[in-house]
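Read the structure below first, then the notes.
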Amino acid sequence: MERKRFPMNLFPAEGKRLLEALLLCSAEPLTLKALSDITEFESAEILDLLAAIQADYQQQNRGFALTEIAGGWMFATYPQHAPYIEKLVKPRLSSLSQAALEVLSIVAYRQPITRAEIEEIRGVSCDSSLGTLLDRGLIDEKGRKDAPGRPILFGTTTDFLKYFGLSSIKDLPAFSKTPDEEDAATQRIEEA
């Protein structure tokens, strides 16, 4: 299918309004391909319009911004407004147990990882926490490890990226440990 050439010099405001409407109506990030398929605009034109929308919102000092998240584009609020928004909308993670949060952080930083490897790091069973995280869509099965028993490998999902406002897993903050913790963790993994 041939793409329509958007007349940028004639109606850029209409193109911005169209993309803004699509982004506001979507609960999920929209990829460049999805926006191109819907609008039939060229990818380069869509990127120009997205940049213009970002600049408009930044210049107008709005309560939200156009952000690239989880491989797509969506409107998102600023982190400094989170305490107020959380009063309005209870986040799904608020009911996660401490154990589930620990397992989620291990999966995020060590993925893909098996249940046994998680349990080796934590020192206790993680079946219940894994079930909770799978049910909530924050992690999923990423395949099987090429090892005896072919254990399931777990990793984070796009829902995880969206919740934490990350474009990719590479955007996670650096994981820092004290030297003693690093040595102990390395020793436990090597012994496994």
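Structure data summary
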{"quantity": "Given (1) in a loop (DSSP other than H, G, I, E, B); (2) at negative phi, index of the condition residue 137 fails", "calculated": "(2)"}
{"quantity": "Residue 104 being modelled with pLDDT of 90 or more and not assigned by TED's automatic domain parsing to the domain that holds residue 169", "calculated": "no"}
{"quantity": "Unmet requirement for residue 119, which otherwise passes all of (1) assigned to a helix (DSSP H, G or I); (2) in the same structural domain as residue 154 (by TED's automatic domain parsing); (3) within 21 Å of the chain's Cα centre (by Cα)", "calculated": "(3)"}
{"quantity": "Number of positions in segment 49-85 that are of a type in the set (Asp, Glu) and out of contact with any helix residue (DSSP H, G or I) (no Cβ under 8 Å at 6 or more places or on another chain)", "calculated": "1"}
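The values are calculated or read from the model by the stated rules, or taken from the named source; none is laboratory data. Here the structure is a predicted model, which means the values were calculated and not measured. Cβ sites come from the backbone with ideal geometry, for glycine too, and all protein chains shown count toward neighbours.
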